[in-house]
Amino acid sequence: MAIYAIGDLQGCYREFRELLDLVRFDETKDKLWLVGDLVNRGPDSLSVLRFIKELNDSAIMVLGNHDLHLLMVAEGCAELNRSDTLQNILDAPDRDELLDWLRQQKLLHVDGNYVMVHAGLLPSWSVEQAQALAALVESALRGSEFHEFCRQMYGNRPDHWNETLNGYERLRVIVNAMTRMRVCTPHGRMDFAHKGSVKDIPPGYLPWFDAPERASRKATVICGHWSALGLEIRSNLMALDTGCLWGGSLTAVRLEDRKVFQTACGAGGATRRWQ
Ligand SMILES: [Mn+2]
């Protein structure tokens, strides 16, 4: 049995299937861990959703900002953007099954010393605290307050954690850190505008995982969301968004030996490489 952690798919179904062929994924023995953003911007989000849903226990995913955006739009709480490619999911005959399944997915997955989250963790959050906070959002997504949660979820404020936050402000910070953050100040104030490379980070900010004395630093965090960062593997970090959508590559890491597998993406298609 092998576990493969896989970066942001964003509807790149063909490349996803190529990557599974490359690693000889066997759904009866192996597991997939998906860092979220299964859907949007890419060409075939509907096939990605259907395929992963059918894998049942062989796939574990955490929700990304684009997955949440799909839920918000379907709930009538957000509009489609021009670059969104979600309409065929909304029009699909099995849309309700797919969306209900998506709504049951986690924001954070912890297994042993691994923590999987789409974007990141704020510096002050221990793994245990992050798990408890993620559970608040997960229950809002699954519960009867789902519609109100959708109405309240979007917004950049508050932009930092404070134990005294409550209600939807508390949930919004959790969602923003776990699904949108790339950079923050050493004390955990988030900036959502910077999407570029590390060298262009605004003064006073740093990659969330470089925050000094980060409370989760002893765990290995598996994440995606930051394609301009590229593949970043350290003893306590696996950042796996390698920009398949943008013609980069789609990455899988086999957790047992950290072997990296990649398929090239974009118009060239089918060219394969691994390292
Ligand atoms: Mn994302």
Practice prompt. Sort the following peptides by mean Cβ neighbour count (other Cβ atoms within 10 Å, averaged over residues), highest first: 101-107, 7-13.
Written response: 7-13, 101-107
Worksheet entry | Choice from D26, D37, D257 with maximal GNM fluctuation in the chain (Cα, 10 Å cutoff) | D257
Worksheet item: Between R14, R258, R24, which gets the highest mean-square fluctuation from a Gaussian network model of the chain, Cα cutoff 10 Å?
Response: R24
Item to complete: Count the DSSP beta bridges whose two residues both fall in the chain, then state the antiparallel fraction as a percent rounded to the nearest 5.
Response: 60
Practice prompt. Neighbouring Cβ atoms within 10 Å as the yardstick, rank H187, H194, H118 fewest first.
Written response: H187, H194, H118
Worksheet item: If we sort 125-131, 39-45 on the protection proxy, mean other Cβ atoms within 10 Å, highest first, what's the order?
Response: 39-45, 125-131
Response to the item:
Here, L80 and E169, labelled 7 Å along Cα→Cβ, have an inter-label distance in nm of 3.6
Response to the item:
Length gained, N113-K259, 0.36 nm per residue minus C-alpha separation, equals 50.8 nm
Worksheet item: How much length is gained on full extension from K218 to W246, taking 0.36 nm per residue of separation minus their Cα-Cα distance?
Response: 6.9 nm
Worksheet item: If you place +1 on the Cβ of every Lys and Arg, -1 on the Cβ of every Asp and Glu, and leave all else neutral, what size is the dipole of the range 3-274 about its Cα centre, to the nearest 20 Debye?
Response: 740
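Using a Förster distance of 25 Å, how high is the FRET efficiency between V198 and I233, based on the Cβ-Cβ distance and rounded to 0.05? Intermediate values should be presented prior to the final figure.
Working: r = 15 Å, r/R0 = 0.59.
Computed FRET efficiency for V198 and I233: 0.95.
Considering all projection directions equally, how large on average is the shadow of the alpha-carbon convex hull of the chain, in square nanometres? Show your work: numbers first, answer last.
Working: hull surface 55.6 nm².
Over all viewing directions, the chain projects a mean Cα-hull area of 13.9 nm².
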Worksheet item: Taking the Cα centre of the chain as the origin and placing charges on Cβ (Lys, Arg +1; Asp, Glu -1), which of A228, G36, L108 is farthest toward the positive end of the dipole?
Response: A228
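Hand me the GluC sites (Glu not before Pro) from the range 37-127 located in a DSSP loop with no more than 10 other Cβ atoms within 10 Å, in residue order please. Display every interim value, and only then the final one.
Working: sites: E54, E75, E79, E97; in loops: E75, E79.
Passing both the DSSP loop test and the Cβ count: E79.
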Worksheet item: Taking θ as phi - 60°, what are the ³J(HN,Hα) couplings along the range 83-99 by the Karplus curve (6.51, -1.76, 1.60), each to the nearest whole Hz, with x for Gly and Pro?
Response: 8, 6, 10, 9, 4, 6, 5, 5, 8, 6, x, 9, 4, 5, 4, 5, 6
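Working out 0.36 nm times the residue gap between Q87 and L22, then minus their Cα-Cα distance, what length gain in nm do you get to one decimal?
Working it through step by step, the gained length comes to 20.4 nm.
The numbers here are math on the coordinates, done by the rules we state, and not lab data. Quantities reported herein were computed from a predicted structural model and do not represent experimental measurements. Cβ: placed from backbone, ideal geometry, glycine included. Neighbour counts: every protein chain shown.
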